[in-house]
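Notes follow the structure.
What follows draws every value from the coordinates through simple rules; no lab data is involved. No experiment lies behind these values; they were computed from the predicted model shown. Because the Cβ atoms are built from the backbone with ideal geometry, glycine has one as well, and the counts that use them run over all protein chains shown.
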Amino acid sequence: MAENLLLIIIFLPLFGSLFVAFSRDDDAGVSRNAANVSVWIVCCNILLILRLFSLIDVNLDAIQVFGRIPWPIAPGGSLTFGADVLALLIVLGIHVALLLGIFGLKDVKESQKGILFSSLLFLSAAGGFFLAADLFAFYIFFVLMILPLFVQIGLSNGSGQKTASRFFLYNILGAFLFLISVAALYAAKNDAIMIDHISDIQMPRKAGIFIWSGVFLAFVLRLPVWPFHYWISSVNTALKNPLVFTSVSLMPVSGLYGFIRFWPAVVPEEISSFVPVFEFLCVLTMLYLAFSGYSSTSSRDKLFSYIFIYYLLYLLGVFSPTDVLQRNIAYSMFAFLLVSAAMIMIVFYIDRESEKLQNSPNGILCLQPKAALAYALLILAGAGFPVSALFWNNFVIVSEILNTDVYIGTTAVFTMLLTAVFQLQNLYDLRDKSCLLPGQEKIRDIDNLRFAAGTIIVMVLFLSFIKPLWFVY
Amino acid sequence: MSGMFGLLNMFALFAGMLWLGIQRVWGGFSAKDYFLTAKISVVASIVFSLLIKEENWAIPYFSANVPSIWTFVLTAGVVYLWLVLSLKWFVVEDLPACLFCFLSLAALLCCHTIASTVNFGVLFGAMAVLALINYLFLYLSQQTEELHNISSRYGLSVLFFIFLAALSLYFLTPENWDLQHSAGAAAAAGTLKTYFILAGILFIFLFMLAVAPLHFWFTDTIAPAVLPVAFYFSLVPQISLWTAFIKVNLQVLRPLMDNLDAMYLVLGVLSVFVGAIGANTSRNLKKIFACSGIYNLGVMLLTTASFTDKSVFAGLVYMQVYILALAGIYTVFYGFKSRGDYLYNLNMIGGFAKVRPFAAGALLFFMASLAGLAPLPGFWVIWAAMGGFAHTARFGLTAVVLGGMLLLIPAYLQVVRAVCFSKKNTNFDRTENSIYAILVFLTVLILLLVCRPQLLDIQMQWAALAG
C-alpha cells in the first residue's frame, strides 16, 4: 500500500500535466480548466501525502518505505524510492506552496496553461527528488527539476528571456558536476547506492576531494550564496508571476536537502577545510541580503531577501557538526515554506493592485482589510514570533550555530533581527494611511479564496507550533 | 538460402526503383504516385528485414548480423518519415518527384550495401555511388549561386577522397579486398604502402561522416540546402557509414588500434569543440544542428575509440538514439513554414509555440534528449560513454564531453528561446497532420524507450555495457 502510494505521489502530477496540456482555454485565453485540474491534482496529492504520514513510523529517522521501478539503465537495475519525516514534510510543504501559487495565478492571464503544465511537471520531479532513496534516482530527479522550471521562467518572462537561459546554464553546470561525482561514486562502490549511506563510502583521499567538491558545487549552485547566487537574484527580480516566483523560490530547497542527505552529521574530511570559508560566505551573503532588504522600498525585494536569508540560516544549520538538527530543520522549513508561499501570494496581489495608485504603495493595506489581516499574521509568523513552528525550531538551530561558532551565530541572529525589522517596517508602511494618494477607489481587496487560504495557513502554522506533526493520525 | 532471403529487402528497393522508372516512361503519374511507390518499397524492405532480423547470414560480398539489420531498419524508417514529410514540398513546388524518389531508394540501397558488405570493392563502390547521389540531391536543391559553388566544391572533394580510396584498393589487390584478408595484406605491403592504404580507407570514412577537420562540406551544404535535402544529409547516410566504419575498425584495423586510438581521440576532441563552438556562431537552424551533429559524432568517436566490445556497443547505441532525437527535431522544422516557404532563421520562427504549442513542446523534448538530460535516451548514452571512459581510465574525456555539451547548450537555448519564449512575428502556415502524426509516433517511441530500453533490441548490448 505505502509503496504504491509513494509512486502515485510522484507520478500523479505528471499525469495531471497531460490533462492540463489538453484542456481548453476560454475565449479570453484564460485556462480556468487547466487551473482547476491543477488544483485538484495538487489537493489529491496533499491528501495522499497525509495518508502516507500515517503509514510510516514518524519517530524513526531512517528512510522507511521503499518503492522500486525496474529500470535496466540504473546501477542495481531499479530506481528506489523511500520516505522519512524530513522528505515527506518538504514534499508536503512544496505541494501546499504550489497550491498557493496557483491561487495567486488568478489575475495573471499570460501563458497560464503552459505555466501550469510545467508546474505540475516540476511538482512531479520535485516529488521524485525528495522521495528518492538511491543515488541514481536522486540524480535523475535532480536534473528533471530543471527543464520545467526553465520553461516556467521563460514563459512568464517574455522580455527577459536571458534570465531563463542563465538559470538553465547555472543549473545544468551543477547537474554535470553532480553527474561526474555520481559516476565516480558508482565506480568506487560498483553497486546500487542508498542516499542515506553515501557518507559511508570509502575512497582514496584524492578521489574524495574530487567527488565531494563536485557534489558540493552541484548543491551550492542551487543556493543563494555569493558568488554562486547570480541566477537566483536575476531570475527573481525579473519575475512577475507568483506561481513561477514560488517555484523558483523552492529550488534552493533541493540544494539544502542534498546537503542534509549527503553529509547528515559532518562534512567529509576531504573538503572540511573549506567549510569555514564557505560559512563566512554564507554569513556575508546573509548580511548583504538583510541590508539590501532593509534599504529597499519594494515589498517583493524585501520578501526575496527574507526568503533567502532563511535558506542560508538552514544551510548554516546543516553545516553544523551534528545531526540532531535534522528534525528541527524539517519542522522549521515546513513552516517556512508555507509562510513564504502565502506571503508571495499576497505580496504579488498587493503589488499588482498598487500599480493602479499614482504613487508609492504605502497605505494600500488600509483599503484591503482582508489582505492586511492575512499579511500581518504571516509577517508575525515569518519573523519568528511564537505563533508557528518557526519559533521553537529556529531557536534550536540558532543555538546550535552559536554553540559551534559564536561569531557566525551572532551574525546570523543579527540578520534575522534585521529581517524581522524590515518586514514589520514594510507592514507599517503599507498600512500608513497618511501616505494614501488619489486612485484608491480602484483598489480591490483580495478575494475570499486567497483570504481563506491565507487564514488556513496561519491556522496550520499555529497548530504546528503546538505539535509539529499534528496532522499524523 | 537464408542469405538470398536476406537480400529480399534490397530486391524490394530495386523493384521500387524499377517501377519508378516504368512510371516515368509511361507518364501521367503525379508526385503523389511516385512517393507512394517509394514508400511501399521502403515499407516492404523494412518488413523483409524484420522477418530475418534474428538471423545472421552470409553470401559472397555480403553478411549481416543484428547491428547491420537494425542499421538498415533504422535508416529505412528515417527514409520513410522523410518521404512522408517531403511530399508536400514537391506537390507545391512542382519539382521532379520521380528523380527524388528514385534517388531516395538508391541512397537506401547504397546505405544497406555499405552496412552489410564485407568486401572493400563493394564498400567503396557503394560509397562512390552514395557520394554521387548526394551530389545529385544538391543539384536537385540548387536554387542559388552559393549552393551551386558548394555542390561543385563537394563534388571535387569527394572525388579526391574516392581517388585515394581507389588507390588503396589498387595497392591492396582485388584478391585481398575481402575485409577478413585485407588486414594481413595491408600489413604485408610494406610500411609506406600500409599507411597509404590505411589513409585511403580512413579518410573517405572520416570525410563522409564529417569528422573535424574534414567537416567543412557538411555544414556548408546543409545550411543553404532546402529542408528535404538537409534532412537527408543530416540523417540518412550517417547511420550506415558509422556502422561500416565500426566494422572496418573491428575487422581490419584492430591490429593497428594502438596507433589509431590516439588519432581518433584527437579527431573526437576536435569534433566536439568544433561542433559545439560552431553551433553558437550561427542563427541558421540547419547549421546549428549540423554543428550539433559534428559534436555528437565527436562524442561517438571518443566513446568508440578504444574499440572494446563495450565501447563499440555504446557507439552504436549512441548513433541510434541520436538519430531518433534528430529525426524528431527535423520533423518540427517541417512545421516552420510561412506562405509555403520553410523558415530556417531563428529571427523568423519567433513565437512558434504560441500557435503550435504541441510541436514546440515536442521540439523541446527532442532537444532535451539531445542535450543528455536524464532520464531521456540521450542521457543513457552519455552515461554509457562515461562508463566506457572510466573502464579505460580516460577520465579526462568525461570533462571533454560534458564541457563540449556546456558549450553547445547555449546554441540549443537560442533555438528554445526563439521558438518558445519570443513574440510571434510570422504568420505560420497550418501544420500538416502528417507532421503531428510523426511527432506523436517519435515522442511515444522515445517515451517507450525511456520506460523500457530493451525495446531497442539491445538488451545484449546493455548487458555488455552494464557488465
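Points to keep in mind about this one:
- Extension reserve of the residue A:425-residue A:162 stretch, reckoned as 0.36 nm per residue once the Cα distance is removed: 91.3 nm
- Rounded to the nearest 20, the Cβ-based charge dipole of chain A about its Cα centre (Lys and Arg +1, Asp and Glu -1) stands at 820 debye.
- Across the range A:299-333, the residues whose backbone nitrogen lies under 20 Å from the label position 7 Å along the beta-carbon direction of residue A:355 are A:299-304.
- The range B:260-467, relative contact order in percent, only Cα pairs under 8 angstrom and at least six apart counted: 27 percent
- Rounded to the nearest 10 degrees, the inclination of helix A:135-144 to the longest alpha-carbon principal axis of chain A is 30 degrees.
- In terms of the mean number of neighbouring beta-carbon atoms within 10 Å, the peptides A:418-424, B:340-346 order highest first as A:418-424, B:340-346.
- Modelled label positions at residue A:266 and residue A:213, each set 7 Å beyond Cα in the direction of Cβ, lie 2.2 nm from each other.
- Cα-based convex hull, the range B:314-442, per residue volume (Å³, whole number): 99 Å³
- Overall form of the range B:337-382 per C-alpha gyration tensor (a/c, 1.5; a/b vs b/c): prolate
- Förster radius 41 Å - calculated FRET efficiency between residue B:390 and residue A:324, Cβ distance, rounded to 0.05: 0.60
- Sorted by Cβ density within 10 Å, fewest first, the residues B:122, A:151, B:47: B:47, B:122, A:151
- Taking the alpha carbon gyration tensor of chain B, multiplying each eigenvalue by 5 and rooting it gives semi-axes of 32, 27, 22 Å, largest first.
- Between residue B:15 and residue A:226, the simple spin-label model (points 7 angstrom out along Cα→Cβ) gives 7.6 nm.
- Rounded tilt (10° steps) of A:326-354 against the dominant C-alpha axis of chain A: 30 degrees
- Relative contact order %, chain B, counting alpha carbon pairs below 8 Å whose residues are six or more apart: 13 percent
- Label point distance in nm, residue B:129-residue A:32, each placed 7 Å from Cα along Cα→Cβ: 6.5 nm
- Residue B:153/residue B:92 FRET efficiency (R0 35 Å; Cβ-Cβ; nearest 0.05): 0.75
- Taking the Cα centre of the protein assembly as shown as reference, the dipole from Cβ charges on Lys and Arg (+1) and Asp and Glu (-1) amounts to some 1460 debye.
- Once the gyration tensor of the Cα atoms in the range B:204-343 is diagonalised, the equivalent ellipsoid follows with semi-axes of 29, 15, 12 Å, ordered largest first.
- Radius 15 Å from Cβ of residue A:332, net charge of other residues (Lys, Arg +1; Asp, Glu -1): +1
- Subtracting the Cα-Cα distance of residue A:206 and residue A:1 from 0.36 nm times their residue separation leaves 69.4 nm of extension gain.
- Placing +1 on the Cβ of every Lys and Arg and -1 on the Cβ of every Asp and Glu, with nothing else charged, gives the range B:260-467 a dipole about its Cα centre of roughly 780 debye.
- Theoretical FRET efficiency, 1/(1+(r/R0)^6), r = Cβ-Cβ of residue B:425 and residue A:376, R0 60 Å, to 0.05: 0.80
- Computed over Cα pairs, the Kirkwood radius of chain A leads via Stokes-Einstein (1.002 mPa s, 20 °C) to a diffusion coefficient of 95 µm² per second.
- Fewest-first ranking of A:189, B:286, using other Cβ atoms within 10 Å as the exposure measure: A:189, B:286
- For a label point 7 Å along the Cα-to-beta-carbon line of residue B:99, residues of the range B:218-237 with backbone N under 17 Å: B:225-230
- Cα shape, the protein assembly as shown, gyration tensor, a/c 1.5 rule: prolate
- On Cα atoms only, tilt of A:146-156 relative to the major axis of chain A in degrees: 20 degrees
- Cβ-based exposure ranking for B:112, B:148, in which fewest neighbours within 10 Å come first: B:148, B:112
- Global form of the range A:161-307, assessed from the alpha-carbon gyration tensor, a/c cut-off 1.5: prolate
- Coordinate range of the alpha-carbon atoms in the range B:227-295 per principal axis, descending: 44, 25, 8 Å.
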